[in-house]
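J.: The structure that follows is given in the form of structure tokens.
The values are calculated or read from the model by the stated rules, or taken from the named source; none is laboratory data. As the structure is a prediction and not an experimental result, all values here were calculated from the model. When we count neighbours, we look across all protein chains shown, and the Cβ atoms used for this are built from the backbone with ideal geometry, even at glycine.
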Amino acid sequence: MSLEVPSARVVFPATDRAEVAAAVAGILDSGALTLGPYTRRFESAFAAAHASPHAVAVASGTAALDIALRAIGIRGRDVVVPANTFYATAAAVLQAGGRPVFADVDAATFALSRSTLEASLTPDTAAVVVVHVGGLISPAVDDLRELCEERGIALVEDAAHAHGSTFEGRFAGAFGRAAAFSLYPTKVVTSGEGGMVLTSSEELAQEARIYRDQGKGAFAANHHVRLGSAWRMSEQHAVTGLVHLRRMGEFITRRREVAARYDKALAGLDGLQPLAEPAGCRSNIYKYIVLLPPDMDRALFKSQMAERYRVRLSGEVYDLPLHRQPVLAEYGGPPLPAAEDVAARHVCLPVHSDMTDSEVDQVLTAVTAVHGALSGR
Ligand SMILES: Cc1ncc(COP(=O)(O)O)c(C=O)c1O
């Protein structure tokens, strides 16, 4: 019997673990446990890896979004958010004092399109958050940016999934006034907990530094000039992220090899529709998303993959769009059919940064068999 293929795996090779452990010992010895030299090194390395002028390390991806929105200034105003994103995208809007307006998405990219955005703009829209779902930057991103520029609206990237992803050679983080990355353990690059704000604006980066440290005007001062919070990154997290970030290129290469094998094999299976990578896009394959046929029972598909073939699928990227989440229901508007359809119908196949060929074989054997059984073939 083959081993189980887990839905996700955090990859820290032994040499990296040893390097982190030695650095943590040094950090504890130094007494500089937060906002120290490792944080600055991690920020520089993360900015360089995304060809961005400024990076500000913070406590989480949620904090990065919240800070970006506060620095832009959305209090009391509307912020368009796609309906199929993580709770934190909308929660950050609310925490920063704005009102989320949920928009439908393009089923081909799971992201906002010009027409879904246009349908959701209000006279009081201050910002739009685009989400690079699963690591894919939608080719509509330039169009969205243009539309926002025309209307004087700030574009923010929720790049929680998109470390190292590009569109036409430009990295995630290059499209909005600011971009928020998550460094949560499941992400392609992790620091344990953590987040990063990328921006090309020196002024916005400076605001982000103020917000992350209790809104203080200066590190050693006790005057508070912004409504910030305890959104700092510790040195222990920073060194973990710094060491992990070095692997980003090789991790993405392996993830793309796995995706290429999945693409090739699934092309022969009727009715299964992997999210295709449009021309010009280079996803980091944070998620490998497949739409099941409308009549296929997703829960049964997943349980058969696990029970018969020992292949565990993760939770969906989002199985319930935000306008259907109980705590956000009051912000719901008209039906958002594409967001609801893709949320109900997709699954994510396992992709790990060190996935073996035999694990890929096991997943493909399982998908082929379960798809055949459930579609009566
Ligand atoms: C799209 C999206 N935005 C924001 C976040 C929040 O990131 P964090 O968990 O680091 O706060 C996540 C988390 O997974 C996410 O998927």
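J.: So, Val141, is that one more than 22 Å from Thr240 (Cβ to Cβ), without any contact (Cβ under 8 Å) to a residue 60 or more places away in the chain, within 16 Å of the ligand (Cβ to nearest atom) and of a type in the set (A, V, I, L, M) or not?
T.: yes
J.: Taking the conditions exactly as written (of a type in the set (A, V, I, L, M, F, W, C) and surrounded by 16 or more Cβ atoms within 10 Å (Cβ to Cβ)), does Ala369 satisfy them or not?
T.: Criteria not met by Ala369.
J.: Tell me which residues, restricted to segment 236-287, are under 14 Å from Val188 (Cβ atoms) and in a loop (DSSP other than H, G, I, E, B).
T.: Arg246, Arg247, Ser283, Asn284, Ile285, Tyr286, Lys287 - these are the residues of segment 236-287 that are under 14 Å from Val188 (Cβ atoms) and in a loop (DSSP other than H, G, I, E, B).
Residues are listed down the side, and each one gets a yes or a no for (1) assigned by TED's automatic domain parsing to the domain that holds Lys187; (2) in contact with a helix residue (DSSP H, G or I) (Cβ under 8 Å, 6 or more places away or on another chain):
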{"residue": "Ala218", "(1), (2)": "yes, no"}
{"residue": "Arg226", "(1), (2)": "yes, yes"}
{"residue": "Ala230", "(1), (2)": "yes, no"}
{"residue": "Glu235", "(1), (2)": "yes, yes"}
{"residue": "Val239", "(1), (2)": "yes, yes"}
{"residue": "Ile252", "(1), (2)": "no, no"}
{"residue": "Val258", "(1), (2)": "no, yes"}
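J.: Within segment 59-70, is there a residue that is more than 15 Å from the ligand (Cβ to nearest atom) and of a type in the set (A, V, I, L, M)?
T.: no
J.: Restricting attention to segment 77-110, and to residues there that are within 16 Å of the chain's Cα centre (by Cα), surrounded by fewer than 24 Cβ atoms within 10 Å (Cβ to Cβ) and part of a loop (DSSP other than H, G, I, E, B), which single residue is farthest from the ligand (Cβ to nearest atom)?
T.: Thr109
J.: Then there's this: Of the residues Ala179, Ala205, Ala230, which single one is within 16 Å of the ligand (Cβ to nearest atom) and either surrounded by 20 or more Cβ atoms within 10 Å (Cβ to Cβ) or β-branched (Val, Ile, Thr) (or both)?
T.: Just a single option satisfies the conditions, and that option is Ala179.
J.: Let me ask something else. Of these, Leu300, Leu328, which one is part of a helix (DSSP H, G or I), touching a strand residue (DSSP E or B) at 6+ places or on another chain (Cβ under 8 Å) and assigned by TED's automatic domain parsing to the domain that holds Pro274?
T.: None of the other options fit; the residue is Leu328.
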